[in-house]
Amino acid sequence: MSDLAALDAITEAVESGAGLPEVVRAAARALEASLAVTDAWGATLAVAARSPAEERALLSQGTGVSSTPLRVADSVVGMLHMRVKTEPSESMRRLLVTMIASEVERVRAPERASETAAADFLRAVLARELTDRDELVARARDLALEVQDGASMIVARAHPQAPTDEGWRGRVRAVAERGARAVVNRSIAALSERDAVAGAEVLVLVPGGDDATAPRVVEALLHEMQAGLQGYTFAVGRSRIAADPEELPRAASEALLAANVAEGSADGAPLAFEQTGAYRLLLSAMSENPSELQRFYAETVEPLVAYDEQYETDLVRTLETFLEADGNVAGTAQRLFTHRHTIYYRLERVRELSGLDVSSSDGREKLSLGLKSMRVLGITSSGGPASEAGAEGGRVPRRGGRRT
């Protein structure tokens, strides 16, 4: 079929309003090709393939498959995967990509509008811009949510361990929402888009007042993220039930605090607000006077964090382990697989940098609260394997700090 005839066939499918699948089938027939269209997060929207094996090859980008981003203005709305016998002309390929991108945009417009409304609502709750009960209930009902009988909040974070493609944050949101909806299908999710977050941070609202439901949602959400996002690390925190809609901003703060604490833990297990222990005492400070919490952190452990970032040392981790070991140097060395002399050296560096002595109860108490303030503020310390002067050889400074 000539390019002009192929273009006419595809245009006719678009104009008929038959939908994206028919447009893709018309394009496949016209070009004698196999085509698949996925959205910006990798979900399959339409396929025209000769066999199930051909479909699998398209979606896995197998041999002979070319993949082209579908763009509307500056936004990537999806991908076109194509395997052809005869390559179309460059002008035909551009027209095909443009027409399919426009059709994807048209199909996805209502869903994106709903996603935008959900994101605006959840971000307003987190920022405590929505505190009036009637307004909270009305905004929730606009999203087909009933929160009068209770709801809980979840904060899920994902950090890629290697460079990834465009739109990965949106994919994290979609995967987290899919996991939550597997248990409560009216759950909504949105990216928080807070400036301080390096990875993807997803806010999830789970309607319902059953205490047993939220843990099941967390389990399903984390399982879905682990299965669908290979090469990422995760941190998940959940709130208590907000029995009244007015408590939703409090629940969002609780979930955020739990995620901060979970991110600093060694095992990466999800954490409920009730499990955060003494960190709970700092929640009001984080919500009402974060500058004071930031000041306390700066006066205690921030110099250690800065030193670790500059020299790839492990002062913060050593201090945390020392406090967890009830101030026992031998126990700290055993847990860190390090010589006791190295632990003594590092604790001396802690004293020099912070002005606080771990051998005194006052010093240990302030440093412990400083570490908790760091977690509550969502600051993650970055240590490393480089040597420390006076302990394990020469000091190896790094070029530039590291933050997660």
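The values are calculated or read from the model by the stated rules, or taken from the named source; none is laboratory data. Everything quoted here is computed from the prediction, not taken from an experiment. No Cβ is skipped: glycine too gets one built from the backbone with ideal geometry, and neighbour counts run over all protein chains shown. Heavy atoms of the whole protein, side chains included, go into the accessibility calculation; ligands, DNA and RNA do not. Shrake-Rupley method; radii C 1.70, N 1.55, O 1.52, S 1.80 Å.
Quick look at the numbers
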item	result
Only one of Arg250, Arg238, Arg216 that is open to solvent by 40 Å² or more (accessible area, probe 1.4 Å), among the basic types (Lys, Arg) and touching a Leu at 6+ places or on another chain (Cβ under 8 Å)	Arg238
Where Val147 falls short, out of the listed (1) over 10 Å from the mean Cα position of the chain (by Cα); (2) of a type in the set (Val, Ile, Thr); (3) assigned to a strand (DSSP E or B)	(3)
Unmet requirement for Arg194, which otherwise passes all of (1) under 12 Å from the mean Cα position of the chain (by Cα); (2) modelled with pLDDT of 90 or more	(2)
The range 140-180, subset of a type outside the set (Asp, Glu) and over 30 Å from Thr380 (Cα atoms), residue most open to solvent (accessible area, probe 1.4 Å)	Arg141
Residue satisfying all of: in the range 305-320; in contact with a helix residue (DSSP H, G or I) (Cβ under 9 Å, 6 or more places away or on another chain) and among the charged types (D, E, K, R); most open to solvent (accessible area, probe 1.4 Å) among these	Arg317
Sole residue being of a type in the set (A, V, I, L, M) and either under 17 Å from the mean Cα position of the chain (by Cα) or within 17 Å of Leu122 (Cβ to Cβ) (or both), chosen from Val218, Val183	Val218
The range 364-380, residues that are in contact with a helix residue (DSSP H, G or I) (Cβ under 8 Å, 6 or more places away or on another chain) and part of a helix (DSSP H, G or I)	Arg364, Lys366, Leu367, Ser368, Leu369, Gly370, Leu371, Lys372, Ser373, Met374, Arg375, Val376
Any hit, the range 108-121, residues being in contact (Cβ under 8 Å) with a residue 12 or more places away in the chain, more than 30 Å from Val37 (Cα to Cα) and of a type outside the set (Val, Ile, Thr)	yes
Residue match in the range 181-201 (condition: among the acidic types (Asp, Glu), under 26 Å from Met79 (Cα atoms) and outside any loop (DSSP other than H, G, I, E, B))	yes
Subset tally (residues that are touching a residue at least 40 places away in the same chain (Cβ under 8 Å) and open to solvent by less than 90 Å² (accessible area, probe 1.4 Å)) for the range 341-360	8
Considering residues of the range 219-235 that are out of contact with any strand residue (DSSP E or B) (no Cβ under 7 Å at 6 or more places or on another chain) and open to solvent by less than 60 Å² (accessible area, probe 1.4 Å) only, the residue nearest to Thr164 (Cα to Cα)	Gly228
Candidate set from the range 181-193 (those that are without any contact (Cβ under 8 Å) to a residue 40 or more places away in the chain and in contact with a strand residue (DSSP E or B) (Cβ under 7 Å, 6 or more places away or on another chain)); member that is surrounded by the most Cβ atoms within 10 Å (Cβ to Cβ)	Ser187
Residue that is assigned to a loop (DSSP other than H, G, I, E, B), at pLDDT 80 or above and more than 21 Å from Arg295 (Cβ to Cβ), where the choices are Thr338, Thr342, Thr404	Thr338
Subset of the range 43-60 [more than 16 Å from Arg171 (Cβ to Cβ), open to solvent by 50 Å² or more (accessible area, probe 1.4 Å) and in contact with a strand residue (DSSP E or B) (Cβ under 7 Å, 6 or more places away or on another chain)]	Arg50, Glu55
Those helices (runs of 4 or more DSSP H) lying entirely in the range 204-318 with at least 1 residues β-branched (Val, Ile, Thr)	213-228, 248-263, 290-300, 302-311
In the range 321-340, the residues that are open to solvent by 40 Å² or more (accessible area, probe 1.4 Å) and at negative phi	Leu323, Glu324, Asn328, Ala330, Gln334, Arg335, His339, Arg340
Test set (1) part of a loop (DSSP other than H, G, I, E, B); (2) free of Cβ contacts under 8 Å to residues at least 60 places away in the same chain - Gly42 fails condition number	(2)
Every pair of residues 6+ apart whose Cβ atoms lie under 6 Å, when the first sits in the range 61-90 and is free of Cβ contacts under 8 Å to residues at least 24 places away in the same chain and open to solvent by less than 30 Å² (accessible area, probe 1.4 Å) while the second is of a type in the set (A, V, I, L, M, F, W, C) and assigned to a helix (DSSP H, G or I)	Val65/Leu58
Boolean, Ser2 is open to solvent by 30 Å² or more (accessible area, probe 1.4 Å), at pLDDT 85 or above and more than 23 Å from Glu166 (Cα to Cα)	no
